[in-house]
1. Of the residues in segment 98-118, how many are surrounded by fewer than 23 Cβ atoms within 10 Å (Cβ to Cβ) and either aromatic (Phe, Trp, Tyr) or in contact (Cβ under 8 Å) with a residue 12 or more places away in the chain (or both)?
2. Looking at (1) surrounded by fewer than 20 Cβ atoms within 10 Å (Cβ to Cβ); (2) assigned to a loop (DSSP other than H, G, I, E, B); (3) outside the structural domain of Gly55 (by TED's automatic domain parsing), which is the one condition that is false for Gly282?
3. Considering only segment 252-272, I want to know if a residue exists there that is part of a helix (DSSP H, G or I), within 24 Å of Leu179 (Cβ to Cβ) and out of contact with any Leu (no Cβ under 8 Å at 6 or more places or on another chain).
Amino acid sequence: MHHTTPYTATRRPAPRRPRAPRRRALLAATAATALTLLVAGCGTSGSAAHRIRVGVSGDSTEWDVLAKEAKKQGLDVEVVPFDDYSLPNKALAAGDIELNAFQHLVFLAQSNTENGTDIVPLAPTTVVPMGLYSKKVKKLADLPDGARIAHPNDPANEGRALRLLARAKLIELKKGTGLYATADDIAANPHHLRLTPVNAQQTPRLLADVDAAVINDGVASLSGIRAETALFKDDPHSPDVRPYINVIAARAEDRNNPDYAKVIKLYAGRPVQDEARRTSNGTAVHLDLSAAELAKELARVDRQLKGAS
């Protein structure tokens, strides 16, 4: 996974002001203290204590809906978009955001291992199908021998893409291949496919240059690609897809923050879910799993990552 500089907020330094006389400073401090106590007593919804910055990938409009709903409960939810998958976890670990919601469990396990972080899943968002798309053929059977196929190159999504191609009967993987499959795990390639690993978010742009591309649903949606045009796609209800449940994640030490519980409840609510289904053309499926169930699944994924049985 490519490493880049983590997201950080920048602030312009405040201009230097002339020092006030001691008596004026004392009066100002007293007034400021009184104002602070007054604001705290009124429970102002915009207070810093209630600000929750959520890192997302691209335009996640369901989070804009959530932010509006959150205001009704006195929560200031700020949506922070990222264009690079490698950044939201680094920003979360650095404290530049409080939550993120862009990744599935396989990606999270890989990221924690590579970066030495302890980021945990709090709740599921959705699971969405990964699909094989083409601008050159309309049916899977029409892919030519020797077809060039682009697929995501990060370890989490590469494994999923290769498993998708195996379920489509285009390749065979070695027996016992886990979630993090690579080209070395291909046991048979009867159609002589030429696999081209690229950044996940670049896959739609290559459709004109390749015979087909394996594209994440969210990336496909942002590119205007309709899910129903896929030559082949995942079944979001299949147990095989559970490791690819997308999650709301936080730093481990903050997992019990009561404000985060409110965010989780809002995400599962009808306004947000309706928007998630609308923007995914109905392909996004919300699964009702607890934090404990997600932690158990993450641990299983992590054991596979580390080569445990």
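1. Within segment 98-118, the subset surrounded by fewer than 23 Cβ atoms within 10 Å (Cβ to Cβ) is 98, 112-118.
Now restrict to residues that are either aromatic (Phe, Trp, Tyr) or in contact (Cβ under 8 Å) with a residue 12 or more places away in the chain (or both): 98, 112-115, 117-118.
Looking only at that region, the number is 7.
2. Single failed check for Gly282: (3).
3. Restricting attention to segment 252-272, the residues satisfying the condition of being part of a helix (DSSP H, G or I) are 252-254, 258-268, 270-272.
If we keep only those that are within 24 Å of Leu179 (Cβ to Cβ) as well, we get 252.
Now restrict to residues that are out of contact with any Leu (no Cβ under 8 Å at 6 or more places or on another chain): 252.
Yes, there is a match, as at least one residue in segment 252-272 is part of a helix (DSSP H, G or I), within 24 Å of Leu179 (Cβ to Cβ) and out of contact with any Leu (no Cβ under 8 Å at 6 or more places or on another chain).
The values are calculated or read from the model by the stated rules, or taken from the named source; none is laboratory data. Keep in mind that this is a model prediction, so the values were computed, not measured. Heads up, the Cβs are rebuilt from the backbone with ideal geometry, glycines too, and the neighbour counts pull from every protein chain shown.
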